[in-house]
Amino acid sequence: MSALAMPSRLSVEDYLAGEEVSDIRHEYIAGEVYAMTGASRVHGLIAGNIHAFWRPLLRGGDCQAFISDMKVRLEIAGDDVFYYPDLVMSCDPDDRASDYCRAPCLVVEILSAKTRRIDRREKFLAYTSMPSLRSYLLISQELRQVELFHRERGWRPEVFCDGAVALDCIDEALPLETIYEGVDFA
């Protein structure tokens with residue numbers, strides 16, 4: 001009788017090396033990798049609008065913001081996890097690894113039909129377990145609506161349909177007009 005060999009888990013080192021040469025981004029959860037889906041035009045507009053708004057505000061300070069290709073590294077129940085948030089901001093001058101952030105103060109996910117459930121549950125629980133995280137922002141690309149979760153408010157959501165969203169990491173509110181500039185919901 002022969003025994004079936006169990007597939008081995010991918011090491012963090014092999015995962016990071018693979019991501020450097022891969023044309024497809026993958027998230028990593030406890031040795032397993034999951035391919036990321038492509039983004040829509042609206043998703044790209046929203047992410048670009050936010051990053052363009054932040055860039056001049058952050059110039060010369062400790063905060064750095066990244067769009068799409070910077071991973072966030074977490075440890076959950078002793079397992080390594082790497083996610084690719086849509087945008088991430090870190091203001092910790094010691095959080096400067098070349099491949100990932102370990103101490104983000106803000107994570108932004110742009111919701112889609114494919115990612116909504118994971119962003120609201122799995123990633124919400126994972127990100128909010130990070131001591132450095134102060135805000136988690138979920139942005140709809142189907143309608144003009146933003147949900148902000150603050151650590152200081154016990155992670156209870158605040159829903160915005162207009163106005164501006166005050167973020168804890170920087171001293172500048174993010175207007176919904178800016179987030180949704182160029183987006184046509186018709």
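Take residues that are over 12 Å from the mean Cα position of the chain (by Cα) and under 27 Å from residue 42 (Cβ atoms) and tell me which of the strands (runs of 3 or more DSSP E) falling wholly in region 74-186 contain 1 or more.
Because the criterion is at least 1 residues that are over 12 Å from the mean Cα position of the chain (by Cα) and under 27 Å from residue 42 (Cβ atoms), the strands (runs of 3 or more DSSP E) in region 74-186 that meet it are 135-140, 146-150, 157-160.
With the requirement that a residue be out of contact with any helix residue (DSSP H, G or I) (no Cβ under 7 Å at 6 or more places or on another chain), touching a residue at least 24 places away in the same chain (Cβ under 8 Å) and either farther than 22 Å from residue 182 by Cβ or assigned to a loop (DSSP other than H, G, I, E, B) (or both), what does region 26-49 give you?
The answer is 27, 29, 30, 31, 36, 37, 39, 40.
Which is closer than 28 Å to residue 60 by Cβ and in contact with an Asp or Glu (Cβ under 9 Å, 6 or more places away or on another chain), of 159, 81, 165?
Just a single option satisfies the conditions, and that option is 165.
Six or more apart or on different chains, Cβ under 9 Å: which pairs go from a residue in region 118-144 that's under 21 Å from residue 37 (Cβ atoms) to one that's among the hydroxyl-bearing types (Ser, Thr, Tyr) and in a helix (DSSP H, G or I)? Could you list them?
136/127; 136/128
Tell me the residue from 79, 99, 184, 95 that is surrounded by 15 or more Cβ atoms within 10 Å (Cβ to Cβ) and among the acidic types (Asp, Glu), please.
Answer to the selection: 95.
Looking at 181, 109, 147, which one is among the acidic types (Asp, Glu), out of contact with any Ser or Thr (no Cβ under 9 Å at 6 or more places or on another chain) and at pLDDT 95 or above?
Of the residues listed, the single one that is among the acidic types (Asp, Glu), out of contact with any Ser or Thr (no Cβ under 9 Å at 6 or more places or on another chain) and at pLDDT 95 or above is 181.
Mind listing whichever residues of region 156-180 are in contact with a helix residue (DSSP H, G or I) (Cβ under 6 Å, 6 or more places away or on another chain) and loosely packed, with under 15 Cβ neighbours inside 10 Å?
162, 172
The values are calculated or read from the model by the stated rules, or taken from the named source; none is laboratory data. Remember, predicted model here, so these are calculated numbers, not experimental data. Note that we place each Cβ from the backbone using ideal geometry, even for glycine, and neighbour counts take in every protein chain shown.
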